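Take a look at the structure set out below.
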Amino acid sequence: MSDTDSDADANSATEPNTLRTPIVAVLGHVDHGKTTLLDKIRGSAVSEGEAGAITQHIGATAVPLETVSEMAGSLVDPDDFDLPGLLFIDTPGHHSFTTLRSRGGALADIAIVVVDVNDGFQPQTIEALDILRRTGTPFVVAANKIDTTPGWNPQEGSPIQKTYDAQSQNASQRLDSNLYEIIGNLSDEGFSADLYWRVQNFQKNVGVVPISAITSEGIPDLLAVLMGLSQRYMKEQMEIDVSGPGAGTVLEVKDERGFGTTLDVVLYDGTVSEDDTIVVGGMDGPIVTDVRALLQPRPNAEIRTEKRFDKVESVTAASGIKIAAPDLELAMAGAPIRVVRDRNLDEVIAEVEAELAEIEVDTEEEGVVVKADTLGSLEAMANALKEAEVPVLRAEVGDIAPRDVAVASTAREDENKVILGFNVDVLPNAKEELEQSDVRLFDDDVIYQLIEEYEEFVEERKRAQQ
Ligand code: GDP
């Protein structure tokens with residue numbers, strides 16, 4: 001046995017916990033490059049990783065430390081880290097970020113806020129920062145599309161600081177001023193920030209990493225900052241008991257041919273195994289059921305082929321997994337999921353209930369009706385409405401039903417005879433009721449736009465009354 005082996009044994013003897021992979025989410029304004037960045041990271045992880053190193057996940061991509069290190073070149077020495085890598089949530093955008101909660105906080109441990117370096121701060125950039133501030137999630141800013149800066153000379157494979165220092169004095173002055181504008185905007189939002197190589201303490205200061213999601217410049221630096229930040233400041237948070245009952249968050253509730261209703265889940269603690277009893281948050285309260293199958297996507301499976309999934313016996317945090325089980329029809333995206341195992345069932349149910357109840361919306365006697373697709377988005381809507389001083393009469397998860405129209409029509413003021421729908425559909429029988437009522441429907445899948453539309457309507461009404 002080598003020295004390193006005995007060291008590892010000594011560690012595991014004194015430390016029963018295992019370190020899980022930090023969960024990373026990508027946020028930012030539309031078209032600023034979130035999807036391109038994620039695709040680039042995934043793509044290079046697949047080509048850099050040894051065969052089989054990249055396990056397929058549901059809803060998330062796990063990049064093991066060795067692969068992060070290959071991608072980051074000299075910037076990440078695997079010997080400096082004991083965290084196992086990074087898990088990227090596949091769906092970018094703050095909608096999925098707010099949907100994905102865990103125990104009252106955010107499911108993601110770290111966020112990347114992507115800002116187009118030429119376009120600068122936009123409404124959804126500010127919205128993303130609001131959400132990160134509220135959830136206390138540490139983040140880095142990826143100042144993207146530096147390749148489009150006039151005069152910028154891409155130097156692939158070179159740390160971005162070197163290229164930046166070499167060029168900032170001359171041709172790429174524009175990049176300089178754009179980056180400082182972003183740093184200034186962050187400061188206006190209350191975050192002290194700087195170019196990442198000037199940041200000493202990433203817990204206190206936000207690092208800005210100039211990148212190009214197209215040429216890959218700066219992506220090694222971004223990965224190095226994410227690894228360093230999690231290793232230095234988040235290690236305790238990453239300690240889990242792998243033998244413990246699993247805890248996770250439902251990403252999506254989906255019908256899957258051959259399996260019925262299934263849950264796409266990100267597991268952030270413990271283990272879930274076939275035949276485990278689970279408790280899942282549902283629209284009418286907690287659902288108790290037994291896992292029938294745990295499914296991972298088959299590598300390279302064609303969408304149309306029958307067998308798109310492989311069954312696995314168990315899965316350990318942090319990972320994405322699809323769970324097939326009976327009675328999941330009323331399960332909610334964004335809801336908690338818990339494995340019962342040797343715990344008391346009532347206790348676990350109470351825990352799930354408590355988590356569901358956390359999402360409290362202050363309602364008034366007079367106000368608008370709010371419907372949203374997930375608990376997290378309902379909460380985000382409620383927060384935004386509170387800030388805009390819009391009173392809420394009722395707030396619920398789910399599509400717009402006749403009952404919602406009936407409730408909205410009871411409002412005294414016209415500006416409250418309103419349903420605000422976020423990312424939801426109108427059920428067919430509710431459409432008819434809506435047409436016959438004096439209730440106005442506003443629907444959108446961007447919170448600030450939805451609220452803006454409503455505020456414009458209120459303004460117009462006021463003007464009309466004067
Ligand atoms: P998202 O809406 O934030 O997910 O943005 P996308 O990833 O879809 O990117 C929007 C557009 O910007 C696409 O046409 C991308 O090809 C382009 N884009 C993204 N990143 C870069 C970059 O680093 N450089 C350049 N030149 N274009 C980029």
- By how many nm would the segment from LYS254 to ARG174 lengthen if fully extended, with 0.36 nm per residue of separation less the alpha-carbon distance? 24.1 nm
- Along its principal axes, what span do the Cα atoms of the stretch 323-460 show, with the longest given first and each in whole Å? 59, 33, 26
- Can you tell me the FRET efficiency between ASP438 and THR215 if r is taken as the Cβ-Cβ distance and R0 is 41 Å, rounded to the nearest 0.05? 0.15
- Query: Roughly speaking, what is the stretch gain from GLU453 to THR18, that is 0.36 nm per residue apart minus the C-alpha to C-alpha distance, in nm to one decimal?
  - Reply: 151.8 nm
- Rg/Rh ratio calculated on Cα atoms of the chain (Kirkwood radius): 1.00
- Can you flag which of LYS40/LYS145; LYS386/LYS417; LYS34/LYS371; LYS254/LYS311; LYS417/LYS462 are past 23 Å Cα-Cα? LYS34/LYS371
- Give the residue from GLN122, VAL288, ALA354 lying farthest towards the positive end of the charge dipole for the chain; charges sit on Cβ (+1 for Lys and Arg, -1 for Asp and Glu) and the dipole is referred to the Cα centre. GLN122
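Values in this text are rule-based calculations from the coordinates and carry no lab data. Nothing here was measured: the structure is a model prediction, and the numbers come from that model. With ideal geometry, Cβ positions are generated from the backbone for all residues, glycine too; neighbour counts draw on all protein chains shown.
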